[in-house]
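Written out below as structure tokens is the structure these notes cover.
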Amino acid sequence: MASPTPVTAQGSKDARRQPAAERVYAHVKQAVLERRYEGGLLLTEGELAEAVGVSRTPVREGLLRLEVEGLIRLYPKKGALVLPVSAQEIEDVVETRLLVEQHAVRRAVPVSQALVDRLEETLAEQIAHAEAGDLAAVSAADRCFHATIVEATGNQILTRLYDQLRDRQLRMGVAVMHAHPDRIAKNITEHADILRTLREADSEAAAQAVHQHVSRVRHLVRGEDLRGLDRHGDPR
């Protein structure tokens, strides 16, 4: 079983100003989203306490928050199981994304120059992170590209709904890039295509480009591709 990654010295002074439970929460959540703690990994309180440099009491508090968010499942006297991404979760996320993003991209036409500039900036960030090989940052920039279009609707309720998908999107994005490295360049190309259709003020072409792009997630991480996300059994 892989051991939790210790907190690095970089930024440690700022981190130690946070409450201990918050530090545990942030440490585990980031590791899960970046797949350093993969689905099926069993984490123990002792290992996490040592990795973060705290006692076991704040470890329990941090893990309880993560269980509420659906990232882990606690087992008394055993530890915390990192929950793997399920086929149903993938279907649910893709369905919700399609409903929100296709509506948002249609609403974005005619596109403002401010939105075009922001999407170009985010696309450039994604390219730079890809060249650096930083998959977590690529996934974050990927998600930001789509979120920017949703935010441009000005619908705060829709934006909050979309924000609730953030953690799942980031985790799935990193998983896809680990399993299919060729998708990094393809995602960038597809984002450029979405941006092109927006510039051309073709709302239906933009909606179709979003549909094809988002739907590919379903095909890439379901079925056989879930093997890398769910390699361990229930610890009970």
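Taken together, the values in this text are just the output of simple stated rules run on the coordinates, not laboratory data. Just so it is clear, the model here is predicted, and its values are computed rather than measured. In this analysis, Cβ positions are derived from the backbone assuming ideal geometry, glycine residues included, and neighbour counts consider all displayed protein chains.
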One finds, for Arg196 and Thr57 with R0 = 45 angstrom and r their Cβ-Cβ distance, a FRET efficiency to the nearest 0.05 of 0.25
Taking 0.36 nm per residue of separation between Gln212 and Ala185 and subtracting their Cα-Cα distance, the length gained on full extension comes to 8.2 nm
Placing +1 on each Lys and Arg Cβ and -1 on each Asp and Glu Cβ in the chain, then taking the dipole about the Cα centre, the residue among Ala87, Ser112, Ile184 whose Cα reaches farthest towards the positive end is Ala87
Among Gly39, Gly62, Gly53, the residue with the largest mean-square fluctuation in a Gaussian network model of the chain built from Cα contacts under 10 Å is Gly53
So, with points 7 Å from each Cα along the Cβ direction, the Ala114-Leu64 label distance in nm works out to 4.3 nm
Taking every other residue with Cβ under 14 Å from the Cβ of Ala207 and scoring Lys and Arg +1, Asp and Glu -1, one gets -2
For the stretch 34-143, inverting the pair-averaged 1/r of distinct alpha-carbon atoms gives a Kirkwood value in Å of 17.3 Å
Once the mean of 1/r over all distinct C-alpha pairs in the stretch 96-171 is inverted, the Kirkwood radius in Å reads 12.8 Å
With DSSP loop assignment and no more than 10 other C-beta atoms within 10 Å, the trypsin sites (Lys or Arg not before Pro) in the stretch 55-88 are Lys77
With +1 on the Cβ of every Lys and Arg and -1 on the Cβ of every Asp and Glu, the dipole magnitude of the stretch 136-211 about its Cα centre, in debye rounded to the nearest 20, is 280 debye
Per the rule of 0.36 nm per residue minus the C-alpha distance, extending His219 to Arg36 adds in nm 63.5 nm
Computed from every Cα-Cα pair in the stretch 115-213, P(r) in 5 Å bins starting at 0 and rounded to whole percents is 2, 13, 23, 25, 21, 11, 4, 0
The chain, Kirkwood Rh and Cα Rg, ratio Rg/Rh at 1.01
Rounded to the nearest 10, the angle in degrees between the Cα long axis of helix 203-221 and the longest principal axis of the Cα atoms of the chain comes to 30 degrees
Magnitude of the Cβ-charge dipole (Lys and Arg +1, Asp and Glu -1) of the chain about the Cα centre, nearest 20 debye, reported as 800 debye
For the chain, averaging the sequence separation of alpha carbon pairs under 8 Å that lie six or more residues apart and dividing by its residue count, the contact order in percent is 26 percent
With only helices counted (DSSP H, runs n ≥ 4, each -39500 (n - 2.57)), the per-residue ellipticity at 222 nm for the chain, to the nearest 500, works out to -21000 deg cm²/dmol
